[in-house]
């Protein structure tokens, strides 16, 4: 019963969240804001109004405690993106708990189109889609409606970056605003970042400048902008899970002998690593081998569908030379 009353008080805006709830053998005492009239509480069943002192509650209340459920949301800079059946109610709780959140949006489309974008509806706070997101000591300017970005890949980006050594050449084929590229550049790699979305390329350039990192940025299609990079890359990043397989030829050609390709795709639960077969077949077509060095689920994407990563090392016959690897 106490929990029911607490939730009702939250919904009324009457709960004093700065005070700690008390109890004894027979009663639970819930603090109410001084500004709330006793008449406003008469509609609550099984409630007796008493006056007493409450200790300060130094424990931070959570969004889950306010709502009585766990809402689905992620934070990008000072923007919260809510995917929820009650976005307005969730937005109110999120902004009450996370004081740094200035805007709440909810998506009204899936990731779609050539540039992998989503459309959003403003729910609460400032009317904006542009923010500064911080990740692993790097600041990123992100515009959610103009360039794709997911904070849920943060751990994965660090995993890949930790494989890079100073002086390595990294080719990021679908760089977006630069979360892979800049993290690798920070570790001393020479990075060539490619993206065909003009807005993403512009933001990437601003992000490189803002973080004082040197990245070569190429705006355009990765299939044509890697032609001069055959057999040169120590690492190739392929974060285009909807259609990465279409660019495998360019990625394998770009990797040097012993280079590693970091390949991302979506796959069903019952065949998570089905693209290994596609990768191995494409490598054979190009006269080389692909040896899988790592594979893992990165995140859930939809019911029974996952975003997975497959790292594979490209092994080329040195005697066949560069000309063979570039045959079409």
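Would you please give the FRET efficiency between residue 227 and residue 97, computed as 1/(1 + (r/R0)^6) with r the Cβ-Cβ distance and R0 = 51 Å, to the nearest 0.05?
Working: r = 51 Å, r/R0 = 0.99.
About 0.50, to the nearest 0.05.
Just want to confirm a number: the relative contact order over the range 228-307, from Cα pairs under 8 angstrom separated by 6+ residues, in percent.
30
Just how far, in whole angstrom, is the range 138-179 from the range 231-258 if you go by their alpha carbon centroids?
The range 231-258 and the range 138-179 have Cα centres separated by 15 Å.
Can you tell which of 151, 38, 198 shows the greatest fluctuation in a Gaussian network model of the chain with Cα springs below 10 Å?
Top of the fluctuation ranking is 38.
Need one number: % antiparallel among DSSP beta bridges in the chain, to the nearest 5.
70
What full-extension length gain, to one decimal in nm, is calculated for residue 47 and residue 280 as 0.36 nm per residue of separation minus the Cα-Cα distance?
77.0 nm
Sort 183, 286 by Cβ crowding within 10 Å, fewest neighbours at the top.
286, 183
So what's the angle, to the nearest 10 degrees on a 0 to 90 scale, between helix 2-12 and the longest Cα principal axis of the chain?
Roughly 80 degrees, rounded to the nearest 10.
Over the range 150-325, what is the percentage of antiparallel beta bridges among all DSSP beta bridges, to the nearest 5?
55
Using square roots of five times the C-alpha gyration tensor eigenvalues, list the equivalent-ellipsoid semi-axes of the chain in whole Å, biggest first. Don't skip to the answer; put the middle values down first.
Details: eigenvalues 525, 78, 56 Å².
Semi-axes, largest first: 51, 20, 17 Å.
Restricting to DSSP H runs of at least four residues, report the calculated mean residue ellipticity at 222 nm for the chain, -39500 (n - 2.57) per run over all residues, nearest 500 deg cm²/dmol.
-7000 deg cm²/dmol
Stokes-Einstein diffusion coefficient for the range 70-128 at 37 °C in a medium of 0.692 mPa s, Rh from the Kirkwood formula over Cα pairs: what value in µm²/s?
After rounding, the answer is 283 µm²/s.
Report Rg (one decimal) and Dmax (nearest whole number) for the range 150-325, counting Cα atoms only, units Å.
15.4, 47
Taking the Cα atoms only, what angle lies between the long axis of helix 275-285 and the longest principal axis of the chain, rounded to 10 degrees?
Between the helix axis and the principal axis of the chain, the angle is about 10 degrees.
Normalised by the residues of the chain, what does the relative contact order come to in percent, with Cα pairs under 8 Å and at least six apart?
9
So for the pair residue 119, residue 37, with labels modelled 7 Å out along Cα→Cβ, what separation do we get in nm?
Roughly 4.5 nm, to one decimal.
So what's the range 79-228 giving for Rg/Rh, alpha carbon basis, Kirkwood Rh from the mean inverse pair distance?
Values: Rg = 16.5 Å, Rh = 16.4 Å.
Radius of gyration over Kirkwood radius for the range 79-228 works out to 1.01.
Under a point spin-label approximation (7 Å from Cα along Cα-to-Cβ), what is the residue 162-residue 187 distance to one decimal in nm?
Simple spin-label model gives 0.9 nm for this pair.
For the pair residue 296/residue 64, report the inter-label distance in nm, with labels modelled 7 Å from Cα in the Cβ direction.
Each label point is offset 7 Å from its Cα along the Cβ direction, giving 2.4 nm.
If each Cα of the range 189-285 is one equal point scatterer, what is log10 of I(q)/I(0) from the Debye formula at q = 0.19 Å⁻¹?
-0.98
Every number in this text was worked out from the coordinates using simple rules, so none of it is lab data. Quick caveat: nothing in here was measured; it's all calculated off a predicted structure. Here the Cβ is made from the backbone with ideal geometry for all residues, glycine too, and neighbour counts use every protein chain on show.
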